[in-house]
Amino acid sequence: MTTWLKFVAVSMFLGVLVEILARALRLWVYTPPRMVAVNVLVTVGLLFGTLAWLTQGSALPVQFLCGAIIGIAYEALNFAGLNAWTFPGNRLGPLKGRTALTIGVGMAWGLYPVLATLLVRFLARP
């Protein structure tokens, strides 16, 4: 398995865990439901896994910021017309409304490259 593939696989694994939790708690709903697979494979796995791989030598806050910028753009794209998922009641915990969700959830995307890097490092330890 190449180093890049490790980052992609770990990111997909993290994506699956998050989606299981989100579904159990009904944090967001995919429209259509098959978008969950696209999101885990393409967005979390390929995009954020590649981002983690590309930024692996950077400080973790830099990785977080890169992920958050992409995450905010992705959430904005969803509200602007992608409509791949919705938040029940247009809220998620304390976040209410499109702007708060775009920024708040978008920032949370920044955790993917950080967590993927940390997990890849952990798994590489002897």
Legend entry - Alpha carbon centroid spacing (whole Å) that separates region 31-87 from region 103-120: 9
Inset, instruction - Mind giving me the nanometre distance, one decimal, between the label points for S58 and A76, set 7 Å out from Cα along Cα→Cβ? - result: 1.7
Inset, instruction - Over the chain, average the accessible area per residue using a 1.4 Å probe and give it in Å², no decimals. - result: 57
Legend entry - Label of the coordinate-derived value, Cα extents along the principal axes in Å, listed as (i) 47, 27, 23; (ii) 35, 32, 30; (iii) 66, 43, 25: (i)
Inset, instruction - Mind pulling the angle between the C-alpha long axis of helix 98-108 and the longest principal axis of the chain? Nearest 10 degrees, somewhere in 0 to 90. - result: 20
Inset, instruction - With a 1.4 Å probe and every protein chain kept in, tell me what percent of the accessible surface of the chain is carbon plus sulfur. - result: 74
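Give, in nm to one decimal, the length gained when the segment between T3 and T31 is fully stretched (0.36 nm per residue of separation minus the Cα-Cα distance).
Difference between extended and current length: 6.7 nm.
The values are calculated or read from the model by the stated rules, or taken from the named source; none is laboratory data. Everything numeric here is computed off the predicted structure, so don't read it as measured data. Using ideal geometry, Cβ is built from the backbone for each residue, glycine included, and neighbour counts are taken over all protein chains shown. We work out accessible area using only protein heavy atoms, side chains counted, and drop any ligands, DNA or RNA first. Shrake-Rupley method; radii C 1.70, N 1.55, O 1.52, S 1.80 Å.
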